[in-house]
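In what follows, a single structure is set out as structure tokens and then discussed.
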2 protein chains.
Amino acid sequence: MNPSALPSLSRLFDPQGIAIVGASATPGKIGAMPVSLLLQHGYGGRIVPVNPRADTIAGLPAVPGLDALDADIDLAILAVPAAHAAQALERARPGQVGAAVVFTSGFSETGAQGAAEQDRLCAIARERGIRLLGPNCLGFMNVRRNVYATFSPAPANGIVAAGGIGMVTQSGAFGAYAFSMARERGLGLSHWISTGNEADIDVADCIEWLAGDTHTRVIMAYMEGCRDGAKLRRALSAARAAGKPVVVTKIGRTQAGAQAAASHTAALAGDDAVYDALFRQYGALRARTIEEFFNLGYALDTWKHPPQGRRLGIFTISGGVGALMADDAADSGLTLPEPAADAQARLLERVPFASGRNPVDVTGQAVSEPGLLLATADDMLADSRYDALAVFLAAAGSSEALWPTFEAFARQMQARHPDVPLAISALFPPARRRELERLGCLVFPDPSAAVRTIAAVAAMASHSGRGTLQADPAPVTANRAPLRETYTEIQAMELLRDAGMPASPSTLAVDADAAVRAAGDLRGAGQDIPVVLKVVSPDITHKSDVGGVKLNVRGEDAVRRAYADIMAAVSQHRPDARVEGVLVAPMAPKGVECIAGVHCDPVFGPVVMFGLGGVFVEVLKDVSFRLAPFGRDEALDMIREIKGYALLQGARGAPPCDVDALADALATLSRFAHARAGDFSSVEINPLLALPEGQGAVALDAVVIRKGQPA
Amino acid sequence: MNPSALPSLSRLFDPQGIAIVGASATPGKIGAMPVSLLLQHGYGGRIVPVNPRADTIAGLPAVPGLDALDADIDLAILAVPAAHAAQALERARPGQVGAAVVFTSGFSETGAQGAAEQDRLCAIARERGIRLLGPNCLGFMNVRRNVYATFSPAPANGIVAAGGIGMVTQSGAFGAYAFSMARERGLGLSHWISTGNEADIDVADCIEWLAGDTHTRVIMAYMEGCRDGAKLRRALSAARAAGKPVVVTKIGRTQAGAQAAASHTAALAGDDAVYDALFRQYGALRARTIEEFFNLGYALDTWKHPPQGRRLGIFTISGGVGALMADDAADSGLTLPEPAADAQARLLERVPFASGRNPVDVTGQAVSEPGLLLATADDMLADSRYDALAVFLAAAGSSEALWPTFEAFARQMQARHPDVPLAISALFPPARRRELERLGCLVFPDPSAAVRTIAAVAAMASHSGRGTLQADPAPVTANRAPLRETYTEIQAMELLRDAGMPASPSTLAVDADAAVRAAGDLRGAGQDIPVVLKVVSPDITHKSDVGGVKLNVRGEDAVRRAYADIMAAVSQHRPDARVEGVLVAPMAPKGVECIAGVHCDPVFGPVVMFGLGGVFVEVLKDVSFRLAPFGRDEALDMIREIKGYALLQGARGAPPCDVDALADALATLSRFAHARAGDFSSVEINPLLALPEGQGAVALDAVVIRKGQPA
């Protein structure tokens, strides 16, 4: 979708008039539901039933076909069998119909014939300037305007309140369930959209449109896959730029899930790890379960100010549950700073056997002393040392007698500490819970859910200033000469060095004299530094195995001998190999071996991978990914994300590594990968050596595979 | 608690008469609540208010003190201030009162003076043969018998149904909350017990008593710490032997949580990793959150047959949510076998565009075709290939019109597949949900919670035949000579070899000739095997750094030269060191380096640790623990539990390791540690080399630290 296409989606999602093709008055018929819902809920625009076999339907004058309609109409709902859908749309005049929602199944999800039918439908729509939602979808709702362009039975069991959450789901069943969950949890929706087969409009289009919708403050999206990675990036970037958080559930996190997803959706799903990277990078919060999906949407919708950092204050009337919540905080990366000393003193003065540390335990006394809750919060929050507050009230929430205490607390918190998001854990009756929510306070029965939700939302803050295409770094304007057919190690290193990567200097020496000269050049300031010699041959991968490597060679004689030894060993072990010479490079200093790589995802383009060498990548699969291009902050996140990060911080008595330099190297690699996206299929730098702090990082070896070349 | 003490706890938890010391008729008073609850809910035994300032209380004749009571009484509730509690109990005749519940705070939780007061109370109780619950606790309830020996306001807001869950919690606030949660979720309780300061009776005592209680089928326990590890083991073993699953929440999983717990409870908590090991070992299910705690209790209480394995069948009316559930299954270690080919064929015949794999997607057609659910389940379950079934019905659960379909499905499932535990995910109205639960079917709004709960409960099955003290292996009847003051490497290895551990043969050579002889002895069958020589000195820890190690030494001359080199290097680098000689051992074959250790936990005694060498233990803290002693199966679990397990399975092109031999070595070590528990403070075997399959495992080096010796 290009930006100029946005208005046409507004005709779809905010229509002034709706024609229902296949409208019916017979309950249970697919064409009856939208007519009945639109009438029942008082849709204010024009409703035109389209049905050649009836003059009126549900009291509304019907027309036999779209061509019989006197005027333009924003939206046509197609509630007719697949075989008739194209035919119905064909009768529209060009420009007459803004958009169509196609409910019926029997298209691409059924196989090749259905896919052809779907293509025909799309072509007809395109010719007439009609945007298409579906087919094989449950339609959509614009809750504020009472547009129920759906045949889902979910609204028939009760509608949701109008509110700030725009919800878009690829799956109709998930969408119907999410609609019911929103109703149960009292969440207000702006729009609810199901995209089905996504013949034209996909989840990304909807996210982008919701990002521009004034009534939407939070976007909740469910997706199974995506065919246009660039569009999804644009959509997430637009939401980020508009300050609208996106909560997303994407199926297929695991191999079992991905397999199930692939058998369910024909869409090319791409690698899940890449989606994960995308969501992190664009600041979208990924939910792994429906529960988490709703907890996040709920928090972002209810809080006026989400937490701006990871410092959590906890107070409870149970020391034990406080410790349980501290466990959750630690699990989810929150910190628990102690209250100021004077605040602690005041707390203990009020409740002598309380704990004044964080978690603060005010004991059961909070129940008998109404002012204690607020006094405790005031003390804790006096000097801005918390980004959010979580309060556990145990069973006291069920007590009507205590309600005035809790209500006053929530109200005063909103008045005095409007910037500190508050979550209370207690069992309140539903109506009481809603009152607290109206005061901007989250309520969770499970204290762990309160802490984990705070943590997930707080993660957004650490990412501020990033997550939009505008914030992405400019690509490297490197030498754009076409890539070579194949790259030797030396050429690969040169290519990366030209792109600004810190790569160990290495020289190809074609004879012993050249090797001595190369070693001399490396010596530079006059020091006699040790060098490494490695055979260069397009036919030899495992150089050590054929005696093709000599380490720690020092001095002219030794270089000359090493050269001769390598040549002798290689011609003995691999007489067939083409030998181009010997690479001469300085011996690597001590550092931590990392691996950086780039591969080209079919949906999202070049993706940069980072991990530690050895068992970390090979056994533990401990790697992180980001879509190219990205800057240093994103690269730092990427480095800190791996489980073995402690090794870079100086574990086992080693000095801490130059993580900044490592991040710069990854960011540079990402800009190179972005600039040359079309040219190569993969790059691997192994090892990328992280040196001690202040000494940089350096690529010691690299493999570049050109596009189309077998890896 | 010794077994003969069990009857006295029955007097406590199932009393025929109750005296309330400090009974009151004034609402809000601590002594008013039990009187009012006992009367209100129709407790059938004798109720005797004890109050010197009233003749009757709430219509019941009162006595001035326990000594004024004519008969024996099972239970005395002490609802008087701390200062008066001992005094009140003192008035009881020896043998007159079976047990006392002490509500009031102001004892050990307030400091030294309170602790002294608590000790005095205990002594008085002990002298009179009175078992004590509390002090500083909320008391207990026997739901079936309407015994409300509590002042918690929770039952005043509504009581819970009588049922099969025995709940015991150290924290009163947690307990009150859990009681309210049980009420909200419709769980039935047998007993609810809060233990407070645990001056006499602790959580372990209650677990053991509940294990023997005929009305209790599932035990839910919350604990903050434990002072008597042996008693807790006995209690968990008793529950296991009685076939009663234990769900446990223990705070302090993380450093932050443990710190908060320590500041909350004065109890010596012990290392959390050891609790974790204990729970795994005795088959208790540890819940990390209150939500999980209840999901597990709910499942174990509702299902007649918990899953006997990890094979999950999923069917849904949404392919997308099916994939989401497959993700959850993979996360939580469940497998998803495909249905039999003929079953798949039948499924596709019925619903052509369905997915017949697992997750099976029957599409929205299940909603319009009532028999489809049962037909699908019948097909999937025809050949016993699933241990549990999870079904997702999306929003359809809210539809009253579809209720008969769902009700029939659950009923038929119970009749036809009683052994296959069933969990349905859908949004049912509460009353409908309870009907399904009565049919033995779990209902979860969140499909992920359904899958994860199945996985957690299924973990119990893989542990069958273990988890009781009876099943623990007999200790090693090793040489019980007292341990030496200090152990050199050779002596440590000898000690382990005597205990049955596979330890590399090594000999101390005091001169070059002895070294040559030792190398010759190792040669055995005549092969010239390479050996390693290492200096032996109590003063040298890092032997390589001082030139004290020679690897791969082959032949007499080389051995002689190596001996001389070591002596020269050591006397050059560490002229001060006492040198006892040189260790001669065979060069280690190729294998994976592991680490095994034992340390003595102050609460639970000797604990065995296992991990992989290098970064796994040092950087990733990737280790597992078990309490000694244990057998091979437990050791196998312990090995499989580590994240780096893949390395033992033959990652990076290496052959798979002899995991059975490794397990045997760990089990042997555990029996040794158990047998000599009082003698040493730690053992570390590093490396313990895991050789390729069929070749065993071998300890190459060990350090033994005697008890009382600085580590």
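Just so you know, all these numbers are worked out from the coordinates, no wet-lab data involved. Computed from a predicted model, the values in this text were never measured in an experiment. Here Cβ is always computed from backbone atoms with ideal geometry, including for glycine, and neighbour counts include all displayed protein chains.
Just a few scattered comments:
- Cα→Cβ-extended label distance, 7 Å offset, between B:GLU369 and A:ASP511, nm: 8.2
- Cleavage-rule hits, trypsin sites (Lys or Arg not before Pro), region B:249-335, DSSP coil, Cβ neighbours within 10 Å at most 10: B:LYS304
- Cleavage-rule hits (GluC sites (Glu not before Pro)) in region B:622-711: DSSP loop, at most 13 neighbouring Cβ within 10 angstrom: none
- Sorted on the mean count of surrounding Cβ atoms within 10 Å across their residues, most packed first, peptides B:530-537, B:355-362 read B:355-362, B:530-537.
- Across the identical copies, how the A:LYS304 labels are spaced - nm, sorted shortest first, 7 Å along Cα→Cβ: 5.6
- Sorting B:37-50, A:336-349 by average packing, meaning the other beta carbons within 10 Å per residue, from highest down gives B:37-50, A:336-349.
- Here region B:74-150 is assigned +1 on the Cβ of each Lys and Arg and -1 on the Cβ of each Asp and Glu. Its dipole about the Cα centre then comes out at about 340 debye.
- Simple Cβ-charge dipole of region A:362-488, Lys/Arg +1 and Asp/Glu -1, about Cα centre, in debye nearest 20: 460
- Residues B:TYR282, B:TYR645, sorted so that the one with the fewest Cβ neighbours within 10 Å comes first: B:TYR645, B:TYR282
- Long-range HN-HN contacts of A:ASP387 with modeled amide H, under 5 Å: A:ARG311, A:LEU312, A:GLY313
- Within the straight-line cut-off of under 15 Å between alpha carbons, the aspartates and glutamates reachable from A:LYS231 are A:GLU198, A:ASP200, A:ASP202, A:ASP205, A:GLU208, A:ASP601, sequence neighbours fewer than 8 places apart in one chain being disregarded.
- When the Cα gyration tensor is reduced to axis lengths a ≥ b ≥ c, the ratio a/c is 1.5 or higher for region A:512-609, and with a/b not above b/c it is classed as oblate.
- Lys/Arg +1, Asp/Glu -1 at C-beta; region B:131-256 dipole; positive extreme among B:PHE151, B:THR195, B:GLY166: B:GLY166
- Farthest toward the positive end of the dipole of chain A, out of A:SER624, A:VAL218, A:SER571, is the Cα of A:VAL218, where the dipole comes from beta carbon charges about the Cα centre.
- 21 Å Cα-Cα threshold exceeded, pairs from B:LYS244/B:LYS304; A:LYS621/B:LYS250; A:LYS550/B:LYS543; A:LYS244/A:LYS304: A:LYS621/B:LYS250; A:LYS550/B:LYS543
- A Förster radius of 45 Å, combined with the Cβ-Cβ distance separating A:LEU348 from B:TYR645, puts the computed FRET efficiency at roughly 0.40.
- For the rotation that carries chain B onto chain A, the axis lies closest to a Cβ at B:VAL615, 3, where the number is the distance in whole Å.
- For region A:615-628, the Karplus equation 6.51 cos²θ - 1.76 cosθ + 1.60, evaluated at θ = phi - 60°, returns couplings of 4, 4, 7, 6, 9, 8, 6, 8, 10, 10, 10, 8, 6, 6 Hz by residue, with Gly and Pro reported as x.
- In a reduced charge model with +1 at each Lys and Arg Cβ and -1 at each Asp and Glu Cβ, the protein assembly as shown shows a dipole moment near 1620 debye about its Cα centre.
- Shielding of peptide A:324-335 by partners, expressed as the average count of other chain Cβ atoms within 10 Å per residue Cβ, is 6.
- Taking A:PHE13, B:PHE353 and counting other C-beta atoms within 10 Å, the order from fewest to most: B:PHE353, A:PHE13
- For B:PHE353, the point set 7 Å out from Cα toward Cβ sits 6.6 nm from its twins in the other copies, listed from shortest up.
- Local net charge near B:LYS707, Cβ-Cβ under 11 Å (Lys/Arg +1, Asp/Glu -1): +1
- Prolate/oblate/rounded call for region B:379-528, Cα gyration tensor, a/c under 1.5 rounded: prolate
- Shape of the protein assembly as shown, Cα gyration tensor, a/c cut at 1.5: oblate
- Per-residue mean of foreign Cβ neighbours for A:285-294 is 4 (Cβ atoms of other chains, 10 Å radius).
- Mean separation of Cα contacts under 8 Å (6+ apart) over length of chain A, as relative contact order %: 8
- Listed peptides B:118-124, A:649-655, B:142-148 appear in the order B:142-148, B:118-124, A:649-655 once ranked by packing, highest mean of other Cβ atoms within 10 Å at the front.
- Copy-to-copy label separations for B:ARG288, where each label sits 7 Å from Cα toward Cβ, in nm and ascending: 0.7
- Per residue convex hull volume, Cα atoms of chain B, in Å³: 183
- Separation in nanometres of the label points that stand 7 Å from Cα toward Cβ, at A:GLN695 and B:HIS84: 7.5
- Neighbouring partner chain Cβ atoms per residue of B:393-402, average, 10 Å criterion: 6
- The residue list B:GLY252, B:ASN51, B:GLN491 was ranked by how far each Cα lies along the charge dipole of chain B toward its positive end, using unit charges on Cβ atoms, and B:ASN51 comes out on top.
- Cβ-defined net charge surrounding B:VAL579, 13 Å radius [Lys, Arg +1; Asp, Glu -1]: 0
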